[in-house]
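Comments concern the structure below.
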Amino acid sequence: MVDLNREAALQEAIELLYFGYRAFTDRPDRMLGQRGLNRVHHRILYFVGRNPDLSVNALLGILGVSKQALNGPLRQLVEMDLVAMRVAAHDRRVKEVRLTYEGERLEARLSGTQRKQLAEVFAAAGAGAESGWREVMRRLAQGVK
């Protein structure tokens, strides 16, 4: 049970997380929308860009989604020539993905806006605030209670 004295502060934290994430994703979402894409496409582009020749199964694990949920958006990115898919040299049953040149350019623009935004916010908030934010986000991501 949540301490009633903390409830207001925790509600504010929820709202700040929501509104912060909305601000963080706004510009990339608009850029994606111009191409008929959305946030799931950005996540795919981001993680494939950080992990060239990633297996589709590894991508599923990173994103934490089902094959069914990944199939449509990934297929769309392949059809738009933003992601290339090939059979792995070490095992013909494994499909690997990597960004194409156009995929790299789009991902750099999308994530570049977010890197710039974070750099500005971290600079304004100071090193201690950035360190605290990273710790909170790390614990949220790991499910640490």
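Each reported figure results from applying straightforward, stated rules to the coordinates on display, with no laboratory input. Given the structure is predicted, the values throughout are model-derived calculations rather than measurements. Using ideal geometry, Cβ is built from the backbone for each residue, glycine included, and neighbour counts are taken over all protein chains shown.
Expressed as a whole number of Å, what is the distance separating the alpha-carbon centroids of segment 110-133 and segment 78-103?
Segment 78-103 and segment 110-133 have Cα centres spaced 32 Å from each other.
Between Glu12 and Arg50, what's the calculated FRET efficiency when r is the beta-carbon distance and R0 is 41 Å? Round to 0.05.
Details: r = 33 Å, r/R0 = 0.80.
Efficiency, rounded to the nearest 0.05: 0.80.
Build a GNM of the chain with springs between Cα atoms under 10 Å: which of Pro73, Pro28, Pro52 gets the top mean-square fluctuation?
Among Pro73, Pro28, Pro52, the largest mean-square fluctuation in the Gaussian network model of the chain belongs to Pro52.
In nm, give the distance between the simple-model label positions of Ile62 and Lys95, each being 7 Å from the Cα along the Cα-to-Cβ direction.
The modelled label-to-label distance comes out at 1.6 nm.
Over the chain, with a Gaussian network built from C-alpha contacts below 10 Å, which listed residue (Asp26, Asp53, Asp91) shows the highest mean-square fluctuation?
Largest GNM mean-square fluctuation: Asp91.
If r is the Cβ-Cβ distance from Glu79 to Gln117 and R0 is 30 Å, what FRET efficiency results, to the nearest 0.05?
The calculated FRET efficiency here is 0.50.
Considering only the other residues whose Cβ falls under 10 Å of the Cβ of Asp53, what net charge follows from Lys and Arg at +1 and Asp and Glu at -1?
Within the 10 Å Cβ shell, the charges total +1.
With a cut-off of at most 13 other beta carbons within 10 Å, and DSSP calling the residue loop, which trypsin sites (Lys or Arg not before Pro) in segment 69-116 qualify? Please list them. Before the final figure, lay out each step's value.
On the way: sites: Arg75, Arg86, Arg92, Arg93, Lys95, Arg98, Arg105, Arg109, Arg115, Lys116; in loops: Arg92, Arg93.
Loop-located and lightly packed - Arg92, Arg93.
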